[in-house]
Every structure is written in structure tokens, then in C-alpha cells.
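The block underneath contains the structure these notes are about, expressed in C-alpha cells.
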Amino acid sequence: MSLLVEIKERKRADVMIDRLAAVLDETGSVDDVLVISFDHVSLVEMQKRNPGIRTEIITCARSPTLEPSSPTINVFNNFHQLHPSEI
């Protein structure tokens, strides 16, 4: 089984990262989790806390095929792997 976890905590991301890392360590689940976030710094901190964990940066872009005034305009996410050299 795999789990996708998005870091959204802005006020105390360090506390959330420590708690998540502790749970993953205690349960031996590091290999079963992918951590994502818009916040690059949070992902770097997660990598420092759990060097083997997989992380991906979320970026946001508008669909180029829709008119800006369209009521159906949508925001979509692109996932980019955080390479270890970026730490």
C-alpha cells in the first residue's frame, strides 16, 4: 500500500514535519510514502529528516487552451521530483 501526503502547514511546518517523520519512522513506512508540497523548503526539511523519503514539488499552472475569461478555467498541478542535489 502507498500513501500520498501533502504538506500544507504554513505556520509551524517544522512541527508537522517532525511529527510526520516520527510516525513514518515508528511504523517503518518511509518507503511507502510520497510527500508533496508547494513549499520547496518543507520538502527539503522532510528529506533531511528522512533521507530515503520520496518527495515531489507541486507547481501550479493555468491551462493554455482555455480563455482567461472562461468560466471553466481550471488550475492543475504538475508534479516534479525533488532531486537529491537540490537539498
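Does at least one position in the stretch 6-22 carry a residue that is in contact with a strand residue (DSSP E or B) (Cβ under 7 Å, 6 or more places away or on another chain) and part of a strand (DSSP E or B)?
yes
Mind checking which pairs have a first residue in the stretch 31-46 that is free of Cβ contacts under 8 Å to residues at least 40 places away in the same chain and polar (S, T, N, Q) and a second that is in a loop (DSSP other than H, G, I, E, B) and crowded, with 20+ Cβ neighbours inside 10 Å, Cβ under 6 Å, 6 or more apart or different chains?
Qualifying pairs under 6 Å: Ser37/Ile7; Ser42/Ile7.
Look at the stretch 23-39 and say how many of its residues are surrounded by fewer than 14 Cβ atoms within 10 Å (Cβ to Cβ), not in a loop (DSSP other than H, G, I, E, B) and not polar (S, T, N, Q).
So the answer is 5.
Among the residues of the stretch 40-54, which ones are assigned to a helix (DSSP H, G or I) and either within 9 Å of the chain's Cα centre (by Cα) or of a type in the set (Val, Ile, Thr) (or both)?
His40, Val41, Ser42, Leu43, Val44
Any residue at all in the stretch 41-53 that's in contact with a strand residue (DSSP E or B) (Cβ under 7 Å, 6 or more places away or on another chain) and farther than 18 Å from Leu3 by Cα?
No, the stretch 41-53 contains no residue that is in contact with a strand residue (DSSP E or B) (Cβ under 7 Å, 6 or more places away or on another chain) and farther than 18 Å from Leu3 by Cα.
For the stretch 33-47, which residues satisfy the criterion of being at pLDDT 90 or above and over 17 Å from Arg12 (Cβ atoms)?
Val33, Leu34, Ile36, Gln47
The values are calculated or read from the model by the stated rules, or taken from the named source; none is laboratory data. These figures come from a predicted structure and were not determined experimentally. Note: ideal-geometry Cβ built from the backbone for every residue, glycine included; neighbour counts use all protein chains shown.
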